[in-house]
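The structure appears right after this line, and notes come after that.
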Amino acid sequence: MLEKPTLSVIILGQANSGKTTLAVQLLHSLGTINSSIMERVESGMQLDSSDSIRNYASVLSRTKDEIKRGRTMNLVYSMAETKHFHLNIIDAPANPFLKSMFRGISQANIGIVVLDAEIGAFEAGIPNITTMIRATYCLGSIQLIFCVNKMESVDYSKTRFMEIKSEITKIYKNNGYKNGNATVIPISALSSLLGNHNDDNILEPACGSKMEWYKGGRPCLLDAINSLKAPLYRYDLPLRISISKVFNLKGALVVFGKIETGILKLETEIRLTPHKKQFPPSMKIESIAICRKLVREAKAGQLVTIQLKTSLNPSNVKPGMVLSDFNNDYAKEVHSFKADIAVLRESPFRRGYNPTFNIHSLQTSCKFKDFYVSSNTIKRYERDENPMELRKGQYATVLLKPKNQIYVATVYSYPPFGRFLMWDNGNICVFGVITEVYTDSPPRR
Ligand SMILES: Nc1nc2c(ncn2[C@@H]2O[C@H](COP(=O)(O)OP(=O)(O)OP(=O)(O)O)[C@@H](O)[C@H]2O)c(=O)[nH]1
Ligand SMILES: [Mg+2]
């Protein structure tokens, strides 16, 4: 039998819209969260007395602070199986935790965007949702499924659903996805968890009387997921693993990350990038685990926990670093790089501008060193050589220099390491693709 492909799904959306509740419901019904955990939550044992017993989100809360505040503040990774896919489900925080959100988006193939149907709540979250849609577009035109949640709280109103659908479709098309048709599905994550499956529209198409208007060949959320195309993973390329978490287990180095390209085997000799030395202390693999299950081999698309045998101090290993195969085109330190960018920033900027830079699981600051050529969005043939400044709506070829050496690659060679976004003050100001990398100083013009 053919192995099911892996699909990394990030659950994004407006603050308090029910992202974590939906993640818990998907994991519970797909068999990842067992009934005893759910019963514990239901009996309120895990909760602050101030919390409502309905706060199922605490199943995925990792810290006391998250449970107390009832907010997701970090990415939470889980796995589940559907008919067609192994799902990596990534529950993301909403704004203002942009750093985690962008990191999660860069690891995903699809995004489920949860919107809050309650009157006023959807409208209040429009600026944040716009930033998210931009980010998913900038980091690789990730496919999106929109879910209008809490439908029972608006009495399953078709009018309310259509209002949100029309607004979100506009935002979707104005933020990159010009030619796409947004898939928008009405759901109720909480009703589903409480066992009311007639109109929740998550695992089975709505069959109750409240959503009569949605019936007739329209998909429930699980159908929409199962009908997606399997992503194309580059098993053929040399190994690259982007690290998103680092653990120091009594001196042993354990990292968690996504295999972006290639195949990881127990016997692979690993190099960590960036490193000051060309030949840093070698790293041998002690174990590889996928969702706590030990394996001998893992491949592109999978999230893995790796225990490494090395003399390197674990405190020198950080999220955003990359593991590769020492003996097969290992990842080299990049000093600066050339990129083609689109400018989204409202006010113009000049050389020296230094916003935050996000690419794979890396976040750092990156300075604009040089502008080579810019052009207008509409009249692309009107080119400006050596422009003084860049303005909103322009495309440009630029030279960027990160604060420290990092690992990135051209979008042609290792696509997941070649697409980035930059932001300041909580707004995405630039996005781009890397076209040339310099492992030493770039050539003079
Ligand atoms: N009425 C109603 N409430 C819901 C539904 N889904 C979730 N909620 C409630 O909405 C509140 C927020 O739920 P969470 O799942 O924590 O929302 P979130 O989007 O993950 O929140 P953040 O991670 O903090 O942004 C909780 O009180 C949930 O019980 C729903 O379908 N209907
Ligand atoms: Mg949450």
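Numerical summary
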read-out: Prolate/oblate/rounded call for the chain, Cα gyration tensor, a/c under 1.5 rounded; value: oblate
read-out: Fewest-first sequence of Met283, Met79 by Cβ atoms within 10 Å of each Cβ; value: Met79, Met283
read-out: Summed residue charge, Cβ within 13 Å of Glu118's Cβ, Lys/Arg positive, Asp/Glu negative; value: -3
read-out: Phi-based couplings in Hz for region 243-259 (Karplus 6.51, -1.76, 1.60; Gly and Pro marked x); value: 7, 10, 9, 10, 10, 10, 9, 6, x, 8, 8, 10, 10, 10, x, 10, 7
read-out: Helix 19-29 vs. the chain, principal-axis angle (Cα, 0 to 90°, nearest 10); value: 70 degrees
read-out: Charge context of Thr130, other residues only, Cβ under 13 angstrom, K/R +1, D/E -1; value: +1
read-out: Region 224-307: trypsin sites (Lys or Arg not before Pro) falling in loop per DSSP and having at most 13 other Cβ within 10 Å; value: Lys229, Lys250, Lys276, Lys277, Arg292, Arg296
read-out: Using alpha-carbon coordinates, inclination of helix 126-138 to the longest axis of the chain, degrees; value: 50 degrees
read-out: Lysines with Cα under 17 Å of Lys265, excluding same-chain neighbours fewer than 8 positions away; value: Lys284, Lys293, Lys299, Lys309
read-out: Protection-proxy order for peptides 314-321, 360-367, 7-14, each taking the mean of Cβ atoms within 10 Å per residue, highest first; value: 7-14, 360-367, 314-321
read-out: Order of Asp440, Asp199, Asp370 - criterion: other Cβ atoms within 10 Å of each residue's Cβ, fewest first; value: Asp440, Asp370, Asp199
read-out: Asn179 paired with Ser413, simple spin-label distance in nm, labels 7 Å along Cα-to-beta-carbon; value: 3.0 nm
read-out: Separation of alpha-carbon centers, region 338-400 and region 93-152, rounded to whole Å; value: 25 Å
read-out: Cβ-based net charge around Ile11, under 10 Å, with every Lys or Arg adding one and every Asp or Glu removing one; value: 0
read-out: Angle in degrees between helix 158-174 and the longest Cα principal axis of the chain, rounded to the nearest 10; value: 10 degrees
read-out: Inter-site label distance for Asp424 and Lys284 at 7 Å from Cα along Cβ, in nm; value: 4.9 nm
read-out: Length-normalised contact order for region 175-319 - Cα pairs under 8 Å, 6+ apart - percent; value: 19 percent
read-out: Separation in nanometres of the label points that stand 7 Å from Cα toward Cβ, at Asn248 and Ser311; value: 1.9 nm
read-out: Size of charge dipole - the chain - debye, nearest 20, with Cβ of Lys, Arg +1 and Asp, Glu -1, no other charges; value: 1340 debye
read-out: Relative contact order computed over the chain (Cα-Cα under 8 Å; 6+ residues apart), in percent; value: 12 percent
read-out: Spin-label zone in region 380-424 - amide nitrogen under 20 Å from a point set 7 Å from the Cα of Arg71 along the C-beta vector; value: 424
read-out: Efficiency of FRET from Cβ geometry, Thr435 and Lys332, R₀ 25 Å, rounded to 0.05; value: 0.90
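Read the figures in this text as sums done on the coordinates, not as results from a lab. Predicted model only: the values in this text are computed from it and were never measured. No Cβ is skipped: glycine too gets one built from the backbone with ideal geometry, and neighbour counts run over all protein chains shown.
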